[in-house]
Amino acid sequence: MTFGDLFGTPSLLKRDSSQFDRGDVSFIIVAGAMVSFMIPGLAFLYSGLSRRKSALSLIWAVSASNAVCIFQWYLWGYSLAFSPTATNGFIGNLANFGLLNVLGDPSPGSPLIPDLLYSFYQMEFACVTVGILMGGIAERGRVLPAMIFTFFWMTLVYCPLACWAWNINGWGFKWGVLDYAGGGPVEIGSGVAGLAYAWVLGRRQDKELLNFRPHNVAMVNLGTFILWFGWLGFNGGSAFGANLRAIMAIWNSMIAPAFGGIVWCLLDYRLERKYSMVGFCSGSIAALVAATPASGYIHPWASVIMGIVAGAVCNYATKLKFLMRIDDALDLFAEHALGGIIGLLFNGFFASHSIIALDGVNTNVNGGWVDHNWKQLYIQFAYVCATCGYTFVATAIIAKAIDMVPGLHLKTTPEGESAGLDEVEIGEFANDYIEVRRHFSDWSAFGDRMVDSVASEMGGLPDLQKDGHRLRLEDPNLEIIEEKNSEIVEEPQPISQER
């Protein structure tokens, strides 16, 4: 066997160059690039929603998890999710380890594009999923254990979920589950896993929960609309060709979030009498999540209903974390898990054969109740239960196992939480700003550096502690700089008189 035989080069050379439409291939390349652009969108969104002192740590976590996911997907992730030779219905095998023999044959997901392109496109889905999941570490999770968790979670949770729904031998695919672009693997996977990770991680300190508000709402808006742009490639590209079904999915991905954002904003207005920007962005994202599994199955009029329902349900669902006593800081469960569930159940009601067949490939797939396919709803419901249960249990086990390894505890120290993850984990800050202090060298939230430097200047530490001639952060949660014992009595200066 030659080197070329081992890595599948002959199959590429023998393939008819006209087998794939170049328009379809170009469309999916661009759609994959759009999905990749969702990574910085997530980073900006999470950064804006957090406190300033932990803003950069979330950008770092989302960015680094993207790199870990790419490595895992190349190594064995794609094979474990999509290898067509695995027949157990739960997870794939290692037949395509290291993208072995993944070149120019028709992909296992669609005959319209080659295997190599399909693997790239699906990799971007996985990267977005782990990026969403990183919201679970907000403001108290260490980044190194989170990266190790990402690799194992991808292998043991995401790959099985993707296999169930999209592998030609997956039990969900064979049973007839309708999951267009990832209501199970992406949305329930990230939302429920984020809840489980936050549960194992533990709550933030009570003082960190007081007066909590996003530090940069403009960044929240920027991240939301970057995500919305990328979502058009996410849902449109899941038709795997430049066809009418892709256009229908894009239309549904515009209609649903528009209504979702308006509904969420109005529900918040009834309480605060203010038009919340964060509320509008949250509602838009919730409806985009619902559109993920449904946009390629339902009519536009159904997207209007779905957007309204997703905006309302996910808004009220943000209160569930208080009932469960889990510190889901960025509402991953309320937005992503429940949004994905809504989209999957809507397929049971409103999925239409006429929409599904627009791609010219899936011409024999039945819809939901609108096509009098009454059993589709319980198929969707059973699939939701299976994905939620497996994801939560498996994620909690992985997170707890990593947390028990010496040196890999998931949560930072109380002191690190008060100082902010940007200082203790990253050593850099998302936004440099000037703090008004008596001594410029006191740049630490702890104040230690200032104490050392000033003590050396004044000849000792005790006097510094007593007279309190410095400014310090009295309450890190309020981020208000207060002066302690600032009333300094100036001794009268002798007046020189000229004679």
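The values are calculated or read from the model by the stated rules, or taken from the named source; none is laboratory data. Since this is a predicted model, take the numbers as computed values, not measurements. Using ideal geometry, Cβ is built from the backbone for each residue, glycine included, and neighbour counts are taken over all protein chains shown. With ligands, DNA and RNA removed, areas are computed over all heavy atoms of the protein, side chains included. Shrake-Rupley method; radii C 1.70, N 1.55, O 1.52, S 1.80 Å.
Numbers below:
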{"item": "Flagged links, alpha-carbon separation over 29 Å, of Lys321/Lys375; Lys321/Lys400; Lys207/Lys274; Lys174/Lys319", "result": "Lys321/Lys375; Lys174/Lys319"}
{"item": "Whole-angstrom gap from the range 229-291 to the range 355-392, using each part's C-alpha centre", "result": "21 Å"}
{"item": "Whole-percent carbon and sulfur share, accessible surface of the range 22-426, 1.4 Å", "result": "70 percent"}
{"item": "Positive minus negative residues near Ala337 (Lys, Arg vs Asp, Glu; Cβ under 11 Å)", "result": "-4"}
{"item": "The range 22-426 shape via C-alpha gyration tensor axes, a/c threshold 1.5", "result": "oblate"}
{"item": "Residue-span extension gain [Ala396 to Leu244] - 0.36 nm each, minus C-alpha spacing", "result": "50.6 nm"}
{"item": "Probe 1.4 Å - accessible area at Met219, Å² to nearest ten", "result": "50 Å²"}
